[in-house]
1. Check 406, 358, 410, 376 and return the single one that is of a type in the set (A, V, I, L, M), part of a helix (DSSP H, G or I) and farther than 30 Å from residue 316 by Cβ.
2. Considering only segment 238-258, state which residues are under 24 Å from residue 211 (Cα atoms), away from the ligand (no atom under 11 Å from the Cβ) and assigned to a loop (DSSP other than H, G, I, E, B).
3. Just give me the residues in segment 339-353 being within 12 Å of the ligand (Cβ to nearest atom), within 23 Å of the chain's Cα centre (by Cα) and not in a loop (DSSP other than H, G, I, E, B), in sequence order.
4. Give the residue that is nearest to the ligand (Cβ to nearest atom), with candidates limited to residues of segment 297-338 that are in a strand (DSSP E or B) and farther than 23 Å from residue 249 by Cα.
5. Show the residue pairs meeting these rules: Cβ distance below 6 Å; 6+ apart or different chains; first residue within segment 326-344 and in contact (Cβ under 8 Å) with a residue 60 or more places away in the chain; second residue of a type in the set (A, V, I, L, M, F, W, C) and within 6 Å of the ligand (Cβ to nearest atom).
6. So, residue 241, is that one under 21 Å from the mean Cα position of the chain (by Cα), closer than 30 Å to residue 264 by Cα and free of Cβ contacts under 8 Å to residues at least 60 places away in the same chain or not?
7. Under 23 Å from residue 361 (Cα atoms) and within 16 Å of the ligand (Cβ to nearest atom): does that describe residue 289?
8. Just to be sure, is residue 394 farther than 28 Å from residue 189 by Cα, away from the ligand (no atom under 11 Å from the Cβ), in a loop (DSSP other than H, G, I, E, B) and touching a residue at least 60 places away in the same chain (Cβ under 8 Å)?
Amino acid sequence: MTINDYKFAGKKAIVRVDFNVPLNENGEITDDTRIRGALPTLKHILADGGALIIMSHMGKPKGKVNEKLSLGQIKDAVAAALGVPVAFAPDCAKAQEAAANLKAGEVLLLENLRFYAEEEGKPVGIDKEDPAYEEAKKEMKGKQKEFAKTLAGYADCYVMDAFGTAHRKHASTAVIADYFDADNKMLGFLMEKEVQAVDNVLSNIKRPFVAIMGGSKVSSKIGIIENLLGKVDKLILCGGMTYTFKKAHGGEIGDSIVEMDKLDVALGVEEQAKKNGVELVIGVDSVCGDKFSNDANQKICPSDAIEAGWEGMDAGPETRKLFVEAIKGAKTILWNGPAGVFEFDNFCDGSRAIGEAVAEATKEGAFSLIGGGDSVACVNKFGLADQVSYISTGGGALLEAIEGKVLPGVAAIKG
Ligand code: AMP
């Protein structure tokens, strides 16, 4: 079923959203992007005459009630965003009555799903090495099904719209779908948009396809890097991982960030790129600092000749030219991870150069997909958000989808 085809009039819809919004110490929302992201789906259901049961997690309460992570804190913000009053169910597993009494146009927000360990379905308080762990896990999986069934019992249909958690097989993101037939479960608009954006990059590739992978470490991105080597024409590797590649060739990298146990991995990536005919673009010079701080003294060094006492913190001027050149003319672009310590204004020029080149290529007709918290923060910092094709709300989920993995949250709906 699709959300556009479903008739919500007179129906109760239980919708999994990602309202895991950042709060300050007073419990006030500091960034409401995720709430705004879910509005098209929520408003559509109300406008079509449905009643809404909204469910989400917030933070990592690990199966225990934690008032600091209560969704009650955001109830008023959700009501303001929707323009209708919102009732609150303080126990998400005991909301039968509140759900049963809901009328068309009314909204019920459930308390944080992760106050129940059943949501994630992992046993708590028992070590993985413990011989009893496997038994506890089996038992928890059974409880997870019961929990999902309880949630499903509140509504006539299920809408999955939490892309940020779609790579997790949790009670509310996947297991619950087993309790609805195919005609009564669907993806929400945000999920549809995200899935379509990934599809544009994976199955509708216009070439040249240029991927830019940055950030601090090779290790956290190696899965996606290896996968991209089978898909892209050019791969820019930047940020902190640069120095693992330089070190692997015996370069001097001073105090730059490095993963000494990943030197082989770096060489393997280079070899695979050569085999696949992928042009690998790695920086040649760096803006180095004499301490990890915005007001560090700076000098430009070749990225494989950095003296002790200095560390590479951003792409140097020659490197920026290489990156801009590599991005120019691209027709499909994926960007994940900054080219330097962009949080420091004095070390963000490399990331800015990439952002501007991506925006320029987009103007020339490229499809550009930006994902992962830090690259999205970069694009926002440089005021380029409206000059790229699509900004994903997913970090891990986006990378797993691009690796070609089927997300449990999508599989649960589409089979
Ligand atoms: P990740 O979480 O792996 O995507 O990495 C993002 C982080 O990498 C950002 O906070 C950047 O500040 C950091 N980063 C990028 N380049 C460097 C570098 N050369 N040295 C240290 N940290 C870096």
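1. 410
2. Answer for segment 238-258, where residues must be under 24 Å from residue 211 (Cα atoms), away from the ligand (no atom under 11 Å from the Cβ) and assigned to a loop (DSSP other than H, G, I, E, B): just 249.
3. 350, 351
4. Filtering segment 297-338 for residues that are in a strand (DSSP E or B) and farther than 23 Å from residue 249 by Cα, the one nearest to the ligand (Cβ to nearest atom) comes out as 336.
5. 340/313
6. Spelling it out, residue 241 is indeed under 21 Å from the mean Cα position of the chain (by Cα), closer than 30 Å to residue 264 by Cα and free of Cβ contacts under 8 Å to residues at least 60 places away in the same chain.
7. So residue 289 fails the test.
8. In short, no.
The values are calculated or read from the model by the stated rules, or taken from the named source; none is laboratory data. The structure displayed is predicted, hence computed values, not measured ones. Neighbour counts run over all protein chains shown; Cβ positions are idealised from the backbone, glycine included.
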